[in-house]
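Report on the following structure.
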Amino acid sequence: MSVDQTQEIEGGAEKAATPDEVTTMAAAAASYPVAPGYRLNVRSGPGTGYSIVRVLSEGARVRITCQTTGTRVSGPYGTSSVWDCIGSGQYVSDAYVYTGSDGLVAPRC
């Protein structure tokens, strides 16, 4: 949804989406690749001290719902304390996900 698009609200009226709503919708629609050649641990929280809940296979893509800070991790895309929430209770280190940015690409959790 671009900034100039509208949303339907109660009663059939329309209103323009705010920039924050546009950013949130764009982040939710995008998927990002896990670094090639890596099987990525998905953890129950934003850090290496949290339990592993599953492992993503090589070539996986993830949808980032929000981002937060946690344990600092070094990976193929640098060193980062950003963790990507990819589902309820599911976090991966942003150092292993190619987002094309050193900053946040989704809202804060």
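The values are calculated or read from the model by the stated rules, or taken from the named source; none is laboratory data. Every value quoted in this text rests on a predicted model; they were computed, and no experiment measured them. Don't worry about glycine lacking a Cβ; one is built from the backbone with ideal geometry, like all the others, and counts go over all protein chains shown. When the accessible area is computed, the model is the full protein with side chains, heavy atoms only, and any ligands, DNA or RNA have been set aside. Shrake-Rupley method; radii C 1.70, N 1.55, O 1.52, S 1.80 Å.
Data for the structure
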read-out: Highest-first arrangement of 78-84, 35-41, where packing means the average Cβ count within 10 Å; value: 78-84, 35-41
read-out: Val62 long-range amide H proximity, modeled H, under 5 Å; value: Tyr32, Val34
read-out: Under the Karplus curve 6.51 cos²θ - 1.76 cosθ + 1.60, θ = phi - 60°, whole-Hz ³J(HN,Hα) for region 74-88, x wherever Gly or Pro sits; value: 9, x, x, 10, x, 10, 8, 9, 7, 10, 9, 7, 10, x, 4
read-out: Net length gained if the chain between Ser57 and Arg108 were fully extended (0.36 nm per residue, minus Cα distance); value: 15.8 nm
read-out: Solvent exposure of region 54-109 as accessible area per residue, Å², 1.4 Å probe; value: 51 Å²
